[in-house]
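Below you'll find the structure, written out as structure tokens, and then a few comments.
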Amino acid sequence: MDGDLTLRYKSRRFVNVTLKWFLLCGCALAAQAAETSKVLQVLDGDTCVLEDNRRVRYLGINAPEKGDVHAEEAAQANNRLVGGKKVKLEFGKQREDRDGRLLAYVFVGQILVNEELLRQGQAHLFRPIANRYKDRLFKAQEEAIAAGRGIWAKSADRKLAISSVHARPDKGGKENLNDEYIVIESRSDKAVELTGWTVSDESNHRYLVPNFVLQPNAKVTLRTGLGANTTSELFWGSRVAIWNDDHDTVFIKDSEGNLVLVHVY
């Protein structure tokens, strides 16, 4: 009996020591994954330059680029949040992109700048998004859309949604392009003129909507392959697959380049 008690005591002690070791390692890794610096300059709505001349690209979001609608407003909002201030950078799995920019979640005090830019409607969600911040970032964008803030100013009354993404054809694999599709749904009591709008993915495949009106509370299926357009179906006309099987983003812009919808799956 004494031997059993001794063995259990040693086992429990081993587990406790091991757990403490893992916790200490986790804290050390977390410390290594974050650093503080001062912002020298803001370049646009999701990029800044640190005082040591390193560039930081904000993770989980994407702001309008120079020349795009609302680009200047987004840059100004970013500047108000971080310009000349000390920031804490928290890195994801990949510390830098292929251009050598740091990829980070940026904090000013307790403010997560990435989240705040989404809440103000100065940016939209963009993968990759860390699981620890996913709910916060999605909620911030939903708040901005509902309020019609920033880039969403002209989307509030259009009330469009992606009700389905069918990226994996049931039969025929990726050769069955017309069984790869997205469904765009109107949740408005008014018809929406979609002529000249664009639908795109993360790889910048782009579809220009022909003469088409989405009726109130109706749906239209946009199929990847070839076919004849109807009042309920549109065909991209692509000879290759568009949507990634596991994850991608659907972007819809109106004929003036205003962002109307972003759907991450």
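The values are calculated or read from the model by the stated rules, or taken from the named source; none is laboratory data. The shown structure was predicted, so the numbers you read here are calculated from the model rather than taken from an experiment. Quick reminder, even Gly has a Cβ in these numbers, built from the backbone with ideal geometry, and neighbours come from all protein chains shown.
If you check Leu118, Leu102, Leu59, Leu81, which single one turns out to be hydrophobic (A, V, I, L, M, F, W, C) and out of contact with any helix residue (DSSP H, G or I) (no Cβ under 7 Å at 6 or more places or on another chain)? Talk me through it step by step, then tell me what you get.
Numbers: Leu118 fails: out of contact with any helix residue (DSSP H, G or I) (no Cβ under 7 Å at 6 or more places or on another chain); Leu59 fails: out of contact with any helix residue (DSSP H, G or I) (no Cβ under 7 Å at 6 or more places or on another chain); Leu81 fails: out of contact with any helix residue (DSSP H, G or I) (no Cβ under 7 Å at 6 or more places or on another chain).
Residue meeting the stated conditions: Leu102.
From Asn229, Asn211, grab the single residue that is over 18 Å from the mean Cα position of the chain (by Cα), among the polar types (S, T, N, Q) and either under 24 Å from Val240 (Cβ atoms) or surrounded by 15 or more Cβ atoms within 10 Å (Cβ to Cβ) (or both). Break it down stepwise before answering.
Working: Asn211 fails: either under 24 Å from Val240 (Cβ atoms) or surrounded by 15 or more Cβ atoms within 10 Å (Cβ to Cβ) (or both).
It is Asn229.
Sub-8 Å Cβ pairs linking a first residue in region 116-135 that is assigned by TED's automatic domain parsing to the domain that holds Glu72 to a second residue that is assigned to a helix (DSSP H, G or I) and acidic (Asp, Glu), at least 6 apart or interchain, are Arg119/Glu143; Gln122/Glu73; Tyr133/Glu115, ordered by first then second residue.
Looking only at residues of region 176-206 that are of a type in the set (A, V, I, L, M) and assigned to a strand (DSSP E or B), we find that the one that is surrounded by the fewest Cβ atoms within 10 Å (Cβ to Cβ) is Val183. Which of the residues spanning region 237-252 are touching a strand residue (DSSP E or B) at 6+ places or on another chain (Cβ under 9 Å), in contact (Cβ under 8 Å) with a residue 40 or more places away in the chain and either in the same structural domain as Phe126 (by TED's automatic domain parsing) or not charged (D, E, K, R) (or both)? The answer is Ser238, Ile242, Trp243, His247, Thr249, Val250, Phe251, Ile252. Applying a threshold of 7 Å to beta carbon distances and a minimum spacing of six or more residues, or different chains, the list of pairs starting in region 219-230 at a residue that is of a type in the set (A, V, I, L, M, F, W, C) and ending at one that is buried (at least 20 other Cβ atoms within 10 Å of the Cβ) and assigned to a loop (DSSP other than H, G, I, E, B) reads Leu222/Trp236. What pairs can you find where one residue is in region 146-174 and more than 13 Å from Val262 (Cα to Cα), the other is hydroxyl-bearing (Ser, Thr, Tyr) and assigned to a strand (DSSP E or B), and their Cβ atoms are less than 7 Å apart, with a gap of 6+ or different chains? What qualifies is His166/Tyr181.
Does region 140-157 contain any residue that is assigned by TED's automatic domain parsing to the domain that holds Ile61, in a helix (DSSP H, G or I) and of a type in the set (S, T, N, Q)? Looking for residues that are assigned by TED's automatic domain parsing to the domain that holds Ile61, in a helix (DSSP H, G or I) and of a type in the set (S, T, N, Q), one finds at least one in region 140-157, hence yes.
Answer yes or no: is there a residue in region 115-134 that is on the phi > 0 side of the Ramachandran plot, loosely packed, with under 15 Cβ neighbours inside 10 Å and out of contact with any strand residue (DSSP E or B) (no Cβ under 9 Å at 6 or more places or on another chain). No.
Is it fair to say Ala130 is under 22 Å from Glu185 (Cα atoms) and small (Gly, Ala, Ser)? The answer is no for Ala130. Between Asp97, Asp201, the distinction of being assigned by TED's automatic domain parsing to the domain that holds His247 and acidic (Asp, Glu) belongs to Asp201 only.
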